[in-house]
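*Asks:* Below is one structure. I have some questions about it.
Only the coordinates and a few stated rules stand behind these numbers; no lab work does. What you see is a predicted model; the values in this text were computed from it and never measured. Every residue, glycine as well, gets a Cβ built from its backbone with ideal geometry; the counts of neighbours run over all protein chains shown.
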There are 2 protein chains.
Amino acid sequence: MTAAQSPAAPAARRRTEWGTVALVGATGAVGRELLGVLAQRGHRIGELRLLASARSAGSRLPALGAEHEVREVSREALAGAALVYFCASADVSREFAPAAAEAGAYVVDNSSAFRAAPSVPLVVPEVNPGAIGPSDRLIANPNCSTIILLVAVTPLHRAFGVDRMVVSTYQAVSGAGDPGLDALREETAALSRNEPPRPTFFPEPCAGNVFIHESPTDPATGRNAEEQKMIDETRKIWGDATVRIAPTCVRVPVMRAHCESVCLTLREPAAEAEVRRLLAHAPGVRVVDDRAARAFPTPLRAAGGDDVLVGRIRPDESQPRDGERFFGFELFISGDQLRKGAAQNAVQVAELLPG
Amino acid sequence: MTAAQSPAAPAARRRTEWGTVALVGATGAVGRELLGVLAQRGHRIGELRLLASARSAGSRLPALGAEHEVREVSREALAGAALVYFCASADVSREFAPAAAEAGAYVVDNSSAFRAAPSVPLVVPEVNPGAIGPSDRLIANPNCSTIILLVAVTPLHRAFGVDRMVVSTYQAVSGAGDPGLDALREETAALSRNEPPRPTFFPEPCAGNVFIHESPTDPATGRNAEEQKMIDETRKIWGDATVRIAPTCVRVPVMRAHCESVCLTLREPAAEAEVRRLLAHAPGVRVVDDRAARAFPTPLRAAGGDDVLVGRIRPDESQPRDGERFFGFELFISGDQLRKGAAQNAVQVAELLPG
């Protein structure tokens, strides 16, 4: 277990210089966040093209120290780009991403359009940077709740093997983009005026409420699409079709960071101190676990930050143990949905691409 | 399994006539709710004494069609009562409840003071009405999250045996009483004015946030007191010290109804149709599980109602199965914390007492 206990070596490559970069969906919640992440991480870009739907074309956005006019996405608008970020709907990605990749651009797609395609790498840079092959042009960004989960859990998977995870999420409305954010703002204002709760965007009122993730439920399995993504994407990213996951995906009235309550079953038992040491040194993880001060991961603490916060680290005494080594561990984690769950992960993927 | 599959017979006894009834903690969130429950359930009471701390003494409260002056709790104020509800702190219960019971009153204690005492029955009327013996005078009301869990899960425990439960909660601020309710109201108003989040009562900001339950954490186990209660109280109520529970207790910005994401491991496998049939006929349960309409239990749907709502009923394919029978099932449940989680359960306990 010695080799497995050292955290994954950070990818040596970190490309931050690009010629022409296009951002499709620049005016949306993830697109705007991505512009901030590019600046924060010091990306130097020859020409930045901000693209969006016809509805947003003509608006102006500040980015990387200049103001840019937003243009409508089209094949012509993507021509000659070295890198294209897709932060719009899966339909937009399906229409434009393959052509952009065929035309020679690197494409990092934040939508769900190609995540399941066997030929498309699905990448969390802290987890599987090696999944990007030398001829890959189109790389998919995983779903937000899967990224946040795997940044926290992969160090334990590498060391001990994760056999099964029971995951209950506390997901922010930002996962539904600007309409979700607007709905929570509007309904919170209505709540503070003592108006009766009324759904403005989600199937249920979002302020003062908790509800099952709004994605459709498969009538055969009873799982909703968000839950199925967590299962399918984890298996693909880990390259392990045997890992078992029981997810329950739930929205809470929080703006932009998800939490997840995670109960793990390991293949080999671990001591609590080993688990803590691995998490303390894991890339992209910050341990927040102060029992005396009652300071644990919260969405407000995670929002705006780069790291996935991990706390409530404890052996699960409801599972088998071997002396002071436990097969079960529990964690509570939180990560910014717009950043590590979307924009930041996409930029980190681009940093892995050959220069 | 045939006998086990029929739901528990409702207790035949339902006492609603009382001589003198005292309510300690009448001005608090649970006390006020209890007055409403007494009226709703048609209790007829000879003399109603509303008692509270010295701070609240002298205020007036409407109850059962009349206005009552609130008096300070004391041994004298409890003298001659046939029934005393304690809806104040554990300290107040410790000071006054045993003496009231020794003086001949029935005592239903909503605090945690006596829940663990072997001589004190801990009762959820739908689950273990028979726990009240003929000489019992003091009966403890379980913790809110335990009551709501057991109303939903006990029918499955009776039929198939529950071996293990992984439970993640989404708990309303009402569990912390009026200070919790006031904090969420105040912080929601501040949030809608775009003020920076600031905790006003809980260790973390409650509006726009999610945080681990504020009860103290045991440094040895890593469990907080709320989680330990769920384990200890379930074992006592079921009379089964072997049931294993992995709880994670979390507060969400919701006023008065808890949700719980529950992943069960059964001792004997069950078909989904059997599970659904048991829950559809279970006392105190209402199944809300419309996949097409995306209608599942929510705190807003549970608030103000008598029932524990149960939905997202699905086999857990991450656990072993035997053909079409599964050892694992998942549920998402919601119940009103102030009602079934506290006041309503206490009144239902009183209805079990001999006339």
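*Asks:* Once the piece of chain linking A:R14 and A:A241 is laid out straight, how much longer is it, given 0.36 nm per residue of separation minus the C-alpha distance between them?
*Replies:* 78.7 nm
*Asks:* Counting partner chain Cβ atoms within 10 Å of every residue's Cβ in B:140-151, what's the average?
*Replies:* 0
*Asks:* Also: How shielded is B:224-234 by partner chains, expressed as the average number of their Cβ atoms within 10 Å of its Cβ atoms?
*Replies:* Whole-number average of other-chain Cβ neighbours for B:224-234 is 1.
*Asks:* On the principal axes of its Cα set, how long, how wide and how thick is region B:1-142? Give whole Å, largest value first.
*Replies:* That gives 57, 32, 25 Å along the principal axes, largest extent first.
*Asks:* In the neighborhood of B:A77, defined by Cβ-to-Cβ distances under 9 Å, what is the net charge if each Lys or Arg adds +1 and each Asp or Glu adds -1?
*Replies:* Net of charged neighbours comes to +1.
*Asks:* For region B:231-273, state the average projected area of the convex hull of the C-alpha atoms over all orientations, rounded to one decimal in nm².
*Replies:* Taking a quarter of the hull surface, the average projection is 4.8 nm².
*Asks:* Quick one: work out the % antiparallel among DSSP beta bridges in region A:20-91, nearest 5.
*Replies:* The antiparallel proportion sits near 25 percent.
*Asks:* If I model the protein assembly as shown as equal point scatterers sitting on the Cα atoms and use the Debye formula, what is log10 I(q)/I(0) at q = 0.05 Å⁻¹?
*Replies:* Scattering profile of the protein assembly as shown, log10 relative to I(0): -0.26.
*Asks:* Assuming R0 = 45 Å, what is the FRET efficiency of A:R193 and A:R94, from their Cβ-Cβ distance, to the nearest 0.05?
*Replies:* 0.60
*Asks:* So which residue, out of B:A77, B:A292, B:A113, gets the largest mean-square fluctuation from a GNM of chain B using Cα contacts under 10 Å as springs?
*Replies:* The residue that fluctuates most here is B:A292.
*Asks:* What percent antiparallel are the DSSP beta bridges of region B:271-347, to the nearest 5?
*Replies:* DSSP beta bridges in region B:271-347 are roughly 75 percent antiparallel.
*Asks:* What is the local net charge at A:M165, summed over the other residues whose Cβ is closer than 10 Å to its Cβ (Lys, Arg +1; Asp, Glu -1)?
*Replies:* Residues close to A:M165 contribute a combined charge of 0.
*Asks:* May I ask you to list the aspartates and glutamates whose Cα is less than 15 Å away from that of B:K340, ignoring any residue fewer than eight positions away on the same chain?
*Replies:* Counting by Cα, and skipping residues close in sequence, B:K340 has these aspartates and glutamates nearby: B:E33, B:D109, B:E126, B:E260, B:D306, B:D307, B:E351.
*Asks:* How large is the helix-only mean residue ellipticity at 222 nm for chain A, computed as the sum of -39500 (n - 2.57) over DSSP H runs with n ≥ 4, divided by its residue count, in deg cm²/dmol to the nearest 500?
*Replies:* -8500 deg cm²/dmol
*Asks:* Note down the relative contact order for region B:114-191 as a percent, whole number, built from C-alpha pairs under 8 angstrom at least six residues apart.
*Replies:* After rounding, I find 21 percent.
*Asks:* May I ask for the longest run of chain B untouched by trypsin sites (Lys or Arg not before Pro) that are loop-located per DSSP and have at most 10 neighbouring C-beta atoms (other than their own) within 10 Å?
*Replies:* B:194-355
*Asks:* Another question, then. I'd like the antiparallel share, as a percent to the nearest 5, of DSSP beta bridges with both residues in chain A.
*Replies:* The answer is about 50 percent antiparallel.
*Asks:* Considering every pair of different Cα atoms, what Kirkwood radius, in Å, is found for region B:199-244?
*Replies:* Roughly 12.4 Å, rounded to one decimal.
*Asks:* Additional query: GNM on chain A, C-alpha springs below 10 Å: top fluctuator among A:S74, A:S135, A:S334?
*Replies:* Of A:S74, A:S135, A:S334, the Gaussian network model singles out A:S135 as fluctuating most.
*Asks:* Okay, moving on. I need two numbers for region A:106-151: Rg to one decimal and Dmax as a whole number, Cα atoms only, in Å.
*Replies:* Expressed in Å, the Cα Rg and Dmax of region A:106-151 come to 9.9, 28.
*Asks:* Taking the label point as lying 7 angstrom from Cα along the Cα-to-Cβ axis, what are the distances from B:G19 to the corresponding position in the remaining copies, in ascending order and in nanometres?
*Replies:* Distances to the matching label points in the other copies: 9.6 nm.
*Asks:* If you don't mind, there's one more thing I want to ask. When the expected Rg is taken as 2.2 N^0.38 Å, what fraction or multiple of it is the alpha-carbon Rg of region A:111-237?
*Replies:* 1.27
*Asks:* Expressed as a rounded percentage, what relative contact order does chain A have, with Cα pairs under 8 Å and six or more residues apart?
*Replies:* RCO, chain A: 20 percent.
*Asks:* Can you list, shortest first in nanometers, how far B:R94 lies from the same residue in the other copies, with each label 7 Å from Cα toward Cβ?
*Replies:* 6.4
*Asks:* Now a separate question. Under Stokes-Einstein, with the Kirkwood radius over Cα pairs standing in for Rh, what whole-number D in µm²/s applies to region A:132-196 at 10 °C and 1.306 mPa s?
*Replies:* Diffusion coefficient, whole number: 102 µm²/s.
*Asks:* Here is a further query. Using a cut-off of 11 Å between beta-carbons, work out the net charge of the residues near A:R301 (Lys and Arg +1, Asp and Glu -1, A:R301 not included).
*Replies:* With Lys, Arg at +1 and Asp, Glu at -1, the neighbours total -2.
*Asks:* If every alpha-carbon in chain B counts as one equal scatterer, what log10 I(q)/I(0) does Debye give at q = 0.08, 0.09, 0.12, 0.15 1/Å?
*Replies:* Computed log10 I(q)/I(0) values: -0.39, -0.50, -0.88, -1.32.
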